[in-house]
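Below: the structure, in structure tokens.
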There are 2 protein chains.
Amino acid sequence: MQTSQIIDRRHLDFLLHDVLDVTALCRYPRFAEHGRETFTAALDLAQQIALEKFLPHNRKGDLVEPQMIDGKVQLIAEIGEAVSAFCEAGFMAALADGGRGGMQLPFVVTAACDGLFCTANPGTIAYPTLARAAANLLEVYASEEQKRLYMQPILDGRYFGTMCLSEPQAGSSLADLKTSARLQADGSYRISGAKMWISAGDHELGENIVHLVLARIEGAPAGVRGISLFIVPRWRVNADGTRGARNDVRLAGLNHKMGQRASVNTFLKFGENGDCAGYLVGQPHQGLAQMFHMMNEERIGVGLSAIQQAAASYQYALAYARERRQGRHPDQKDPATPAVALVEHADVRRMLLQQKCYAEGGQMLAYDAAVLVDRQHDPDAAVREQSHLLLELLTPIVKAWNSDYALRANDLAIQVFGGYGYTRDYPVEQCYRDNRINPIHEGTNGIQALDLLGRKALLDNGEALRILLQRIAATCAEAAADAELAGLAVQLSDAANLVRDTTQAAAKRMAAGAVREVLANAAHYLHLLGHVVVAWGWLRMALAARRALAAGGDADFHTGKVQACRFFFATELPQVALSARLVAGADDSAYAMRDSWF
Amino acid sequence: MQTSQIIDRRHLDFLLHDVLDVTALCRYPRFAEHGRETFTAALDLAQQIALEKFLPHNRKGDLVEPQMIDGKVQLIAEIGEAVSAFCEAGFMAALADGGRGGMQLPFVVTAACDGLFCTANPGTIAYPTLARAAANLLEVYASEEQKRLYMQPILDGRYFGTMCLSEPQAGSSLADLKTSARLQADGSYRISGAKMWISAGDHELGENIVHLVLARIEGAPAGVRGISLFIVPRWRVNADGTRGARNDVRLAGLNHKMGQRASVNTFLKFGENGDCAGYLVGQPHQGLAQMFHMMNEERIGVGLSAIQQAAASYQYALAYARERRQGRHPDQKDPATPAVALVEHADVRRMLLQQKCYAEGGQMLAYDAAVLVDRQHDPDAAVREQSHLLLELLTPIVKAWNSDYALRANDLAIQVFGGYGYTRDYPVEQCYRDNRINPIHEGTNGIQALDLLGRKALLDNGEALRILLQRIAATCAEAAADAELAGLAVQLSDAANLVRDTTQAAAKRMAAGAVREVLANAAHYLHLLGHVVVAWGWLRMALAARRALAAGGDADFHTGKVQACRFFFATELPQVALSARLVAGADDSAYAMRDSWF
């Protein structure tokens, strides 16, 4: 197995097996053919392709941006080669049924494989993972005929896919979508409208692109209740699966971004010539719920991709801090003594620990959520229901906390490199630029915060939050039995109580009508709950490390996990007190501000 | 006067006159010729040139990076035109004596003019401001002959200048500099060595470049005590001031950066052919102290430049938030109602208020420090001494707090724009990239934190800090008399006491030998003191606004200042409690981490 500076497989294996015990998923019939060996084989293969096919052109993909030439997108050849290797190895069908040629892997293992590609090259990996997400949606909602014509070719690596939500005038506000659909005699629809910010919206990587488009059937209700979902292929597809004529979808322009440049971002026009065929997925007016099937998966994906880029820049910074010798300790100024490695400076260790806490804590959060997706295959309905509720609650946190703190980690990695980190000769500045998209797309982090406090925290009468707090309490009980961790258990338990009390206070105020005043502090609530959930993850990692140490594990590696947990509890977790106070008291210092006062 | 989206002159005038009362400086003999009218004229002129000559090529300077062609730096023509306009208007000599053709402006007014250029184009303005800083150093330490040959041509806009400290192997560690100087029979020196990260290190903007180079005279002591300062001109200068032969200084390469691309950053080699002439400034082995004269001014400049770029992106975001209509309030989902402007969303106001607090609070901090520079012209020795001590204490905060929080403001500006903010069609992504250098150069923020806690806070037996706390107490006493602000006064007073107690606890531990353990938390101390000082600035702004309101001022504008102050005190100032606890308790969670545990 090829090794690389940027991938810490030992940590990933620790997370998946020692902490999350993903092999236990194999007791579900769906994953019965799998075991630790097949999981390891998949991860090894992903790692090999990531390092051999994705990593080498990560910088080139940034420098040589996609171009629109004669109405077509031109990408560097390496993107196509990498995507082909991904498809040939079967990763496009990693989640799909064996009967469809899929690997039938658990979502968490697939996510871990994806994570390795994201670490190596977040731009290139967007093409196949977006396509796979489209296939997953079709698997749930499309007809068998649609699956045969549009989904199977994606799984086979021949077609790609997109999700087309935003419009230039509507941005995040899906209620204001204007793209229209008119029913035709043959049961198909004519689509007309414009879609903005479409990742991988046009390219020549495969034979076709399956756009999943939100549009309003003529006469549909206004707002989000009148949105339907359509398959709109770039090329029409004949009944026998052969490619037909070009559909009336036009690439109207490219968006030129600060980072993530390898991943083409497009402005698309549908039906300029009145001849754009679309095919309704499922029932009319169900588009939003259907799209959110894909969207929720994408939000986990965004949180995962963001944090894997944090993991990459952390590994770069760590290697540099160990290699570069500079300066001396503050009480040791004798210039005759040799300079020490950067990592010997306490403040550099502080910056590395912050990165470690954000990156590894965010990975724990993302993979923990991914396991909840797999619990939908549990034979016990109660487990399925609890997992579903918890996943709903965690999804905005995975998306928003991870993308916020991943960027902080990227920022700190630059700081460890100093001036070199600011140059394009080192990779960390690209991580910082690439990663800046993640707090924005698939629902801005402000929208995630509103979703969390305005909806998810109160979901099913607060049941989702109760489940979370029960699980945190169970971890605290376990940690309380370990003298080394007992103090941390008390601290987390107090923080969990603060979450409970804060949520109740907010719910009470909202019930009394102060909805806007309370939601004005939603970002603080997300920070509160995010930090508590990540602290919970760190305590679970520390527990697993303590078990491993007791069993004669790697003293350095496992002690480092415990120390990182301590660091997070000392320097980060106490921040939640302020966030909780602002939410519980419905602080009005932003809400009361008026436009004219700025 | 041309107005622009990015310059909030009303705020700047409020700050300079209503809060800082800079016209009072005119009672000092040095500024006796000046008054509010001449200050306004200088600012108007700076604003006009900034908008007409600097702003228009800000993006082009980013896109068309300096190139090295045939050993020379090639810049876009607009940089030369802008710099010429700056020099012709007299800004290169803004600080200089009237007898040397200077404007003899106060430092704070010059800084405010510079700030307008930084807002418009931080890359291009670096060329003349670096040159001016070199001239300022020469004014203090150089001989009259050196001033005539090297300083006056800078003031006249004919020569430029640099500061050459870092070397490739030594980075921030000046004790390890290796560049050498050998005395020649004519009293000059032969310089030999390599210097890295030299901004404006080579270009064709003027007739010559005066490099100020740190080097060791042969036989000098090791470490920082053996460093001397030399004038090393790019072209030798004859005794009559005419240009002589090319000196042995070679442009060895350019650094390609993430941002600040218009400002060329170079790698220079001195004396490769054994013929690099350098001229000692002042006495041997005094180079570090001399360079720190320039460096301290540069650190104020970095903090100012950083925060002015935050002010720019804040203004862009504010204008966009007022113009762009999207979505509805969380309790108002009827799609038939019109979408509201972004600024109507409470979370967007939260993001704008954070930007306002960071940008305007950081400006207050920087200009307040700039006034202390001018107090060196006070006839009262006690005022000079107190101002000097306070300036020493505030300098690392101006540099580090401003550059850290300016970046957060840039980040929030992108978030307000959403996807558009991530594209190169809008200016905020460039602000974010340009500004990322500021926590790194002129001493990383980690080094600023060590300087603050390890040296400045304890300076003169803690006298500098005592002066600061006295002034804060005076502001609190004034605010306590205003019922609207009394609660904030109590809060700031408590925070100031926390600073005092925390510093005493840290000093006690250090005196007991735990120097490294305490300094491991220096970054937290900088956050503590930075937030307290910025809160102090906000309370002073709120007081000035309340006075203006009482006198019938602009209700909207001045109420906004009070509200921003409230916001900072509600959401930011309470964060210091954790920072103080970590410092006072000498938290060891980073210090105890070992390299092998990562």
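The values are calculated or read from the model by the stated rules, or taken from the named source; none is laboratory data. Every value quoted in this text rests on a predicted model; they were computed, and no experiment measured them. Virtual Cβ from ideal backbone geometry, glycine too; neighbours counted across all protein chains shown. Heavy atoms of the whole protein, side chains included, go into the accessibility calculation; ligands, DNA and RNA do not. Shrake-Rupley method; radii C 1.70, N 1.55, O 1.52, S 1.80 Å.
Protein heavy-atom surface of region B:258-318, 1.4 angstrom probe: 48% of the accessible area is carbon and sulfur, with nucleic acids and ligands not counted.
How far is helix B:287-323 tilted off the main Cα axis of chain B, in degrees rounded to 10, range 0 to 90? The angle comes out near 40 degrees. Computed over region B:246-307, the P(r) curve from all C-alpha pair distances, binned at 10 Å from the origin, holds 17, 27, 42, 14, 0 percent per bin. Relative to the other identical copies, B:ALA381 shows label-point distances of 9.1 nm, where the label point lies 7 Å from Cα along the Cβ direction and values run shortest first. Residue-wise HN-Hα couplings along region A:23-38, as the Karplus relation 6.51 cos²θ - 1.76 cosθ + 1.60 with θ = phi - 60° gives them from phi, are 4, 4, 5, 5, 6, 6, x, 4, 10, 4, 6, 9, x, 3, 5, 6 Hz; Gly and Pro carry x. Short-range pairs are left out: with C-alpha atoms under 8 Å and at least six residues apart, the relative contact order of chain A is 12 percent.
Ranked by the mean number of other Cβ atoms within 10 Å of their residues, highest first, the peptides A:103-113, B:355-365, A:210-220, A:553-563 fall in the order B:355-365, A:103-113, A:210-220, A:553-563. Projected label points at A:THR38 and B:ALA477, each 7 Å from Cα along the beta carbon direction, are separated by 7.9 nanometres. Pairing chains B and A buries close to 8100 square angstrom of accessible surface in total, based on protein heavy atoms and a 1.4 angstrom probe. For chain B, the convex hull spanned by the alpha carbon atoms encloses 178 Å³ per residue. Each residue of region A:549-561 was assigned a 3J(HN,Hα) from its phi angle through the Karplus expression (A = 6.51, B = -1.76, C = 1.60, θ = phi - 60°), giving 5, 5, 8, x, x, 6, 4, 5, 4, 6, 5, x, 5 Hz with x at Gly and Pro. Counted residue by residue at 0.36 nm each, then reduced by the alpha carbon distance between them, the extension gain from A:GLU385 to A:ASN497 reaches 37.9 nm.
Summed over qualifying helices (DSSP H, 4 residues or more, each -39500 (n - 2.57)) and divided by its residue number, the protein assembly as shown shows a 222 nm mean residue ellipticity of -17000 deg cm²/dmol.
The modelled label-to-label distance between A:GLU204 and B:ALA505, using points 7 Å beyond Cα along the C-beta direction, is 6.6 nm.
If r is the Cβ-Cβ distance from A:GLU463 to B:LEU63 and R0 is 45 Å, what FRET efficiency results, to the nearest 0.05? Walk me through the numbers before you get to the answer.
On the way: r = 54 Å, r/R0 = 1.19.
The formula returns an efficiency of 0.25 here.
Determine the share of region A:1-155's accessible area contributed by carbon and sulfur atoms, expressed in whole percent, with a 1.4 angstrom probe.
Details: 2830 of 5820 Å².
That share works out to 49 percent.
Rg of the Cα atoms in region B:9-155, relative to 2.2 N^0.38 Å, amounts to 1.12.
With an 8 Å Cα cut-off and a minimum separation of 6 or more residues, compute the relative contact order for region A:246-291 in percent.
The value is 40 percent.
Quick query: amide H of A:VAL281 versus all other amide H atoms, modeled in the peptide plane; which residues come in under 5 Å with a sequence gap of 5 or more or a different chain? Long-range HN contacts for A:VAL281: A:LEU229, A:PHE230, A:ILE231. Burial annotation for region B:543-583: residues with an accessible-area loss of at least 40 Å² between the isolated chain and the complete set of protein chains, computed on heavy atoms with a 1.4 Å probe, are B:ASP556, B:GLN563, B:ALA570, B:THR571, B:LEU578. Model label sites at B:ARG246 and A:GLU272, defined 7 Å from Cα along the beta-carbon direction, differ in position by 5.3 nm.
How large a share of the accessible area of region A:324-390, in percent, is made up of carbon and sulfur atoms when the probe is 1.4 Å and the other protein chains stay in place? Please list the in-between numbers first.
Working: 1170 of 2320 Å².
The value for region A:324-390 is 50 percent carbon and sulfur by accessible area.
Across region A:471-481, rounded Karplus estimates of 3J(HN,Hα) from the backbone phi angles (6.51 cos²θ - 1.76 cosθ + 1.60, θ = phi - 60°) give 5, 4, 4, 5, 5, 4, 4, 5, 5, 4, 7 Hz, Gly and Pro being marked x. Taking amide H positions as modeled 1.01 Å from N, with prolines and chain starts lacking one, the residues under 5 Å from B:GLY244 and 5 or more places away or on another chain are B:ARG236, B:VAL237, B:ASN238.
Ignoring ligands, DNA and RNA, what accessible area per residue does chain A give at 1.4 Å, in Å²?
Numbers: 20150 Å² over 598 residues.
Value returned for chain A: 34 Å² of accessible area per residue.
Note on B:ARG516 and A:ASP21: with the Förster distance fixed at 45 Å, the Cβ-Cβ geometry gives a FRET efficiency of about 0.65. If you take every DSSP beta bridge fully contained in chain A, what fraction is antiparallel? Give it as a percent rounded to 5. Among the beta bridges of chain A, antiparallel pairing accounts for roughly 80 percent. Could you grab the Rg to Rh ratio for region A:444-592? Cα atoms only, Kirkwood for Rh. My calculation of the ratio gives 1.05. Prolate is the label for the protein assembly as shown, because a/c, from the alpha-carbon gyration tensor with a ≥ b ≥ c as root eigenvalues, is 1.5 or above and a/b exceeds b/c.
In debye, nearest 20: dipole of region B:1-77 around its Cα centre with unit charges on the Cβ of K, R (+) and D, E (-)? Write out the running numbers ahead of the final one.
Working: 9 positive and 11 negative charges, 18 e Å.
Dipole magnitude for region B:1-77 comes out near 80 debye.
With label points defined 7 Å past Cα in the direction of Cβ, position A:ASN461 shows copy-to-copy spacings of 7.0 nm, given to one decimal and shortest first.
For chain B, with only Lys/Arg (+1) and Asp/Glu (-1) charged at the beta-carbon, what is the dipole magnitude about the Cα centre, in debye rounded to 20? Don't skip to the answer; put the middle values down first.
Values: 59 positive and 66 negative charges, 164 e Å.
That gives chain B a dipole magnitude of about 780 debye.
Within a 10 angstrom radius of each residue's Cβ in A:445-456, how many Cβ atoms of other chains show up on average? Whole number is fine. Kindly include the intermediate steps, with their values, before the conclusion.
Working: counts 2, 9, 4, 0, 1, 4, 0, 0, 1, 2, 1, 0.
Average neighbour count from other chains, rounded to a whole number: 2.
Once you have a ≥ b ≥ c as the square roots of the Cα gyration tensor eigenvalues for region B:159-290, tell me rounded if a/c is under 1.5, and otherwise prolate or oblate according to whether a/b is larger than b/c. Note, shape of region B:159-290 comes out oblate.
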